[in-house]
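The values are calculated or read from the model by the stated rules, or taken from the named source; none is laboratory data. Here the structure is a predicted model, which is why all the values come from computation and not from measurement. Please note: Cβ atoms are built from the backbone with ideal geometry, for glycine as well, and neighbour counts cover all protein chains shown. These area figures cover heavy atoms from the full protein model, side chains too; ligands, DNA and RNA do not enter into them. Shrake-Rupley method; radii C 1.70, N 1.55, O 1.52, S 1.80 Å.
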Amino acid sequence: MSSEMEPLLLAWSYFRRRKFQLCADLCTQMLEKSPYDQAAWILKARALTEMVYIDEIDVDQEGIAEMMLDENAIAQVPRPGTSLKLPGTNQTGGPSQAVRPITQAGRPITGFLRPSTQSGRPGTMEQAIRTPRTAYTARPITSSSGRFVRLGTALFEYIFHHENDVKTALDLAALSTEHSQYKDWWWKVQIGKCYYRLGMYREAEKQFKSALKQQEMVDTFLYLAKVYVSLDQPVTALNLFKQGLDKFPGEVTLLCGIARIYEEMNNMSSAAEYYKEVLKQDNTHVEAIACIGSNHFYSDQPEIALRFYRRLLQMGIYNGQLFNNLGLCCFYAQQYDMTLTSFERALSLAENEEEAADVWYNLGHVAVGIGDTNLAHQCFRLALVNNNNHAEAYNNLAVLEMRKGHVEQIGDLQRSYVAAQKSEAAFPDHVDTQHLIKQLRQHFAML
């Protein structure tokens, strides 16, 4: 059957079924026969692009260089609540940073793993430097993916994504903008994307703003917000998203963008409100369900969190992290019959050693909760077997050893006081730290 089909139609069929290599190979054969066939060129460029396509709006991994050498922040000492680098303490009555674990960048763990926020613990240099190569977009066809009409646009996407040659892509986009007498918003967005990749955020901002004046598109709002986040101007990004919502009411990606920024600024209650708005528009939005569930869990409402995680399970999501969260929710909601089976399932589905380590660590907590210190000891040791850099497991093993009375060094009160003061500076409302400082001051008064 396939041999009788028109080759271009068959190639297009392969493309639609995401068999990109077969599509590209067939286009190559067609181009050997007729080198000037524009349709074959466009389809081949698109197929090769899709193999390595990354949704630029979602994927933005911050490398070590960006963290250490970032000079794009506007203010050296920003006002509280206006910067993502120093999100400040939680002013909104939500769960505190003492009970909510945070990423290495100092942001609270959200409940949903995004490409740009937390790629596990970058324990090694390679892991930290690793960049995403292929990430297929889960977003519906938007302006950027629905506009492969001419050879020029397909060629640009090929150079930008497949060859990763941003400078050549920028040259092509600049010539195309000039050719269209600066009236084509799409090429302006592409120039902005190139400037953003090159770290020229102010130039990218101008291009995106110019494109928005000509044609308001959801993607352009999202790109411009990314620029403001990179410039550490979250308040400007929030205002921009709200402008976008005036033009596109109920647009899920814009609502989600607002929620993410509130989350990074440690304003959990506002983030939860916006995620609830997302669910009103799309009640199968995985990120919103996971983040609201996580927020309820850390607000001491495990029974409600359990409902959200069960919803994810009903939607067909089946992975170690979800069963890990279900196990914790069942334990804190006192549904002990389901706790161990959830953790067993989580262990069998763990994709790597770090995930397994987290499951064993949580099982250790369950063991501490039921008073079985020997089991807790074994679980924390197993967490360390899977991940030797698991700081929390070391900490809890030390607490267990201290309870048993295995203390090697007692009496270094000065270092204890310095550490307690650092703890108080990091989290002023932590009651245990205040008690410890009070005890130490009493000791010093007696000396």
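Heavy atoms only, probe 1.4 angstrom, no DNA, RNA or ligands counted: give me 217, 200, 338 ranked by accessible area, highest first.
Working: 217 45, 200 70, 338 90 Å².
Largest accessible area first, the list is 338, 200, 217.
Any idea of residue 431's accessible area? Nearest 10 Å², probe 1.4 Å.
80 Å²
Rounded to the nearest whole Å², what accessible area per residue is found for segment 326-381 with the 1.4 Å probe? Display every interim value, and only then the final one.
Working: 2950 Å² over 56 residues.
Here the residues of segment 326-381 average 53 Å² of exposed surface.
With +1 on the Cβ of every Lys and Arg and -1 on the Cβ of every Asp and Glu, and nothing else charged, how large is the dipole of segment 149-228 about its Cα centre, in debye rounded to the nearest 20?
260 debye
What is the distance in Å between the Cα centroid of segment 161-222 and that of segment 243-263?
After rounding, the separation between the Cα centres reads 22 Å.
For segment 316-395 and segment 24-59, what is the centre-to-centre distance using only Cα atoms, to the nearest Å?
So the separation of the two Cα centres works out to 46 Å.
Could you report the accessible area of residue 112 in Å², rounded to 10, computed with a 1.4 Å probe on the protein chains as they sit in the structure?
Counting only protein heavy atoms, residue 112 exposes about 60 Å² to solvent.
Mind ranking 404, 167 by accessible surface for me, highest first, 1.4 Å probe? All intermediate terms of the calculation are to be shown ahead of the outcome.
Details: 404 100, 167 135 Å².
The ordering from most to least exposed comes out as 167, 404.
Determine, from the Cβ-Cβ distance of residue 37 and residue 171 and an R0 of 25 Å, the FRET efficiency 1/(1 + (r/R0)^6), rounded to the nearest 0.05.
Values: r = 25 Å, r/R0 = 1.01.
Working from the Cβ atoms, E equals 0.50.
What figure, in Å² to the nearest 10, do you get for the accessible area of residue 10 with a 1.4 Å probe and non-protein molecules left out?
20 Å²
Just the number, please: carbon plus sulfur as a percent of the accessible area of segment 318-405, 1.4 Å probe, no ligands or DNA/RNA counted.
Exposed carbon and sulfur together represent 51 percent of the surface.
Sequence neighbours fewer than 8 away in the same chain don't count; with that in mind, list the lysines whose C-alpha is under 29 Å from residue 226.
Partners within reach: 85, 167, 183, 188, 193, 206, 209, 213, 242, 247, 276, 280.
Computed FRET efficiency, Cβ-Cβ of residue 206 and residue 432, R0 56 Å: what is it to the nearest 0.05?
Numbers: r = 51 Å, r/R0 = 0.91.
After rounding to 0.05, the efficiency reads 0.65.
Averaging over all projection directions, find the projected area of the Cα convex hull of segment 287-412 and quote it in nm² with one decimal place. Display every interim value, and only then the final one.
Numbers: hull surface 35.8 nm².
Computing the convex hull of the Cα atoms and averaging its projections yields 8.9 nm².
Mind giving me the FRET efficiency for residue 375 and residue 164? R0 is 51 Å, r the Cβ-Cβ distance, nearest 0.05 is fine.
Numbers: r = 50 Å, r/R0 = 0.99.
Efficiency, rounded to the nearest 0.05: 0.50.
Largest first, what is the accessible-area ranking of 252, 189 with a 1.4 Å probe?
Working: 252 30, 189 5 Å².
Greatest to least solvent exposure: 252, 189.
What whole-number value in Å² describes the accessible area per residue of segment 6-56 for a 1.4 Å probe?
Values: 2850 Å² over 51 residues.
I get 56 Å² per residue for segment 6-56.
Once you charge only the Cβ atoms, +1 for Lys and Arg and -1 for Asp and Glu, what is the size of the charge dipole of segment 321-447 about its Cα centre, to the nearest 20 debye? Provide the component values of the computation, followed by the final result.
Values: 8 positive and 15 negative charges, 116 e Å.
Using Cβ point charges on Lys, Arg, Asp and Glu, segment 321-447 gives about 560 debye.
Hey, can you find the accessible area per residue of segment 161-241 for me, probe 1.4 Å, expressed in square angstrom? It would help to have the intermediate numbers written out before the result.
Values: 3540 Å² over 81 residues.
Dividing the accessible area of segment 161-241 by its residue count gives 44 Å².
State whether segment 251-328 is rounded, prolate or oblate according to the following rule on the C-alpha gyration tensor (a ≥ b ≥ c being the square roots of its eigenvalues): a/c under 1.5 gives rounded; otherwise a/b larger than b/c gives prolate, and the remaining case gives oblate.
Numbers: a/c = 2.05, a/b = 1.35, b/c = 1.52.
The shape class here is oblate.
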